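S.K.: Sending over a structure as C-alpha cells; questions will come in a sec.
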Amino acid sequence: MKRSVLVSMLVAPVLLALLVGGTSRGEPQTKEFVVAAWGDPHEAGWRKSLVPAFEKKYWVKVVWGGRASRPKTLAKLRAQKDNPQIEVAMMEDGPHRQAVALGLVDQIDRSKLSSAKNLYELAFEPNDMGISFGLAVYGLYYNTKAFADNKWPLPTSWMDLFRPELKGKITVHTIGNANGLYLLLALSRIAGGTEANVDAGFAKVKELAPSVVTFDTFGETSTLIQQGQAALATWSIDRVANLAATGVPVQFVYPQEVVWGQKAMITLVKGRPNQDLAHKFVDMTRV
C-alpha cells in the first residue's frame, strides 16, 4: 500500500506536466519566433491578420521584439551579430542596406517562396537580400486646427519650416531616421547642393535648428502634435494617415520641390538556425 502511494506521488506530477504542458509524445513544442519591426499600429494590424495564422500553422509564438525606430532595430542587429536572437527584421530600405553592408542579413531563396512568381522585380533587393512589402512617401504634415485658429497660410514647401510664425512649433527627425535624412537631402537640393555633397543641406538644418522643438529620435512627434506644441512636422504619409484616423487634426503635404519614396523591407537575419521557418513567415507576408 505504501509502495503504491509512493509510485502515485512520483508519477502524478509527470502526468500532469504532460497534460498541461503539451509535452505528450508526438505533440510539437511551442517555440518563440522573434520579429523586429515597428510598433503599433503596424504590430496591431499584423497580430490581427498574419500572426495568428502563422502561430497556429507552425506551432510557434511570435514575439514582436522590435517596437523601436529603424536605427534601433539596426543597432540591435549589430549588437547581436555574434549571437542573433531575431529571426526576421523589417526596416526601411536605407537602414536595411546598411544591414546588408554589415553582413547582418541573409539572402532570400526565391525557390522557398510560393509568392515569388507573383512579385514585380522591383520588390527584390539586389542579390535577393530582402523583399519590399510596401512603399511610403515622405514629406510634411501640419496641425489643421492650429493653422485654422491662427489663420496661417497652408504649407506647400519644405521652406515653410523656416516661417517665423512657426518658430518653436516645428518637429523634425534626426538624420539617423529616414524622415530626417530626406529633409537633409531636400534642403541640400533647395540650397544648391546634391545628394553626394550635402554640406549645403547641413547648413540649412543648422539654420532651422532654433525653430525646432525636437529632433525626434524616440517618437515624440505625434505626442507633440496632439499636445498642441508642434504645428508642422516631417513624417511619412502612412504614419500621418494612421494618426489622422485616431482623430488627431493632421494633414499630409507633398512639398512642391521634391518628395521622397522609400521601400519597407522584410529580411532574414543572418546566423539564425531555422531559416526555413523564416522563409515561411516572409512568404506569408507576400500572399
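S.K.: Considering only region 74-90, state which residues are out of contact with any Phe, Trp or Tyr (no Cβ under 9 Å at 6 or more places or on another chain) and not basic (Lys, Arg).
M.R.: LEU74, ALA75, LEU77, ALA79, GLN80, ASP82, ASN83, PRO84, GLN85, ILE86, ALA89
S.K.: A follow-up question, please. Go through region 187-201 and give me each residue that's touching a residue at least 12 places away in the same chain (Cβ under 8 Å) and more than 15 Å from ILE175 (Cα to Cα).
M.R.: Across region 187-201, the qualifying residues are ARG189, ILE190, ALA191.
S.K.: State all residues of region 74-95 that are assigned to a helix (DSSP H, G or I) and either of a type in the set (A, V, I, L, M) or loosely packed, with under 14 Cβ neighbours inside 10 Å (or both); if no residue qualifies, say none.
M.R.: LEU74, ALA75, LEU77, ARG78, ALA79
S.K.: Another question, if that's okay. Just to be sure before I move on: is TYR182 hydroxyl-bearing (Ser, Thr, Tyr) and either in a helix (DSSP H, G or I) or in contact with a His (Cβ under 7 Å, 6 or more places away or on another chain) (or both) in the structure I sent?
M.R.: So TYR182 fits the description; yes.
S.K.: Here is a further query. Somewhere in region 135-143, is a residue over 30 Å from ALA101 (Cβ atoms) and either of a type in the set (Phe, Trp, Tyr) or not in a strand (DSSP E or B) (or both)?
M.R.: Yes: one or more hits.
S.K.: Also, quick follow-up: Return the only residue of PHE54, PHE33 being of a type in the set (Phe, Trp, Tyr), part of a helix (DSSP H, G or I) and either farther than 30 Å from THR174 by Cα or modelled with pLDDT under 75 (or both).
M.R.: PHE54
The values are calculated or read from the model by the stated rules, or taken from the named source; none is laboratory data. From a predicted model like this one, the values you see are computed outputs, not experimental measurements. In this analysis, Cβ positions are derived from the backbone assuming ideal geometry, glycine residues included, and neighbour counts consider all displayed protein chains.
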